[in-house]
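**Student:** Structure in structure tokens, see below.
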Amino acid sequence: MELLTRSLETFESLELHKIFKLRIDVFVVEQECPYEEIDNKDINAMHIYLKNKNDIVAYLRVLSPGMSYEEASIGRVLVNKKYRGKGYGRQIMKAGIDYCKSHYSGNIKISAQAYLEEFYKSLGFEKASDIYLEDNIPHIDMIYYN
């Protein structure tokens, strides 16, 4: 298993294609949520992912302060369906948190799917909003106080 951190311009085209396809498979197809999954934030994001041979196992992107929120943020968190239930979500989130802590001062904000509240709490995030709908899916804002 290999943990990689890349900016968009450093990706090999096939690897970037695999990540974008997996993001669409999870967020658009699996969650039945038609929205603009690939957006302009990808250009300046840091993309962190776990790779096992040719498979993308888990992925997230980190956005610097000011890109989505006043704080740094983590989003597009996913685990490939065939690797779920093995702790890779926790592993990729810890890598994202560590990246934010080493590159930015201040807190980390996420817009979490509400059903994952306890998972994010177990990583140190605290609930910071009531439940709201984002793309017709219940979400809550959560903050990691750094």
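**Student:** Give me the distance in nm between label points sitting 7 Å out from Cα along the Cα-to-Cβ direction at C33 and F20, one decimal.
**Tutor:** Distance between the two pseudo-spin positions: 2.0 nm.
**Student:** Give the label of the value calculated from the structure for semi-axes √(5λ) of the Cα gyration tensor in Å, choosing from [x] 22, 18, 16; [y] 57, 24, 16; [z] 27, 22, 15.
**Tutor:** After the calculation, the listed value that fits is [x].
**Student:** Exceeding 20 Å between C-alpha atoms, which entries from my cross-link table qualify? They are K21/K51; K41/K127; K18/K101.
**Tutor:** Distance filter (> 20 Å) returns K41/K127; K18/K101.
**Student:** How many nm separate the modelled label positions at E9 and R84, each set 7 Å beyond the Cα in the direction of the Cβ?
**Tutor:** Roughly 3.7 nm, to one decimal.
**Student:** Where in region 24-54 are there trypsin sites (Lys or Arg not before Pro) that are in a DSSP coil and have at most 15 other Cβ atoms within 10 angstrom of their Cβ?
**Tutor:** Within region 24-54, the qualifying trypsin sites (Lys or Arg not before Pro) (loop, at most 15 other Cβ atoms within 10 Å) are K53.
**Student:** A further question on this structure: To the nearest 20 debye, what charge dipole does the chain have about its Cα centre, counting +1 at the Cβ of each Lys and Arg and -1 at the Cβ of each Asp and Glu?
**Tutor:** Magnitude of the dipole: close to 700 debye.
Where a number appears in this text, it was derived from the coordinates with a stated rule and is not lab data. Owing to the predicted nature of the structure, the values given are computational and were not obtained by experimental measurement. Quick reminder, even Gly has a Cβ in these numbers, built from the backbone with ideal geometry, and neighbours come from all protein chains shown.
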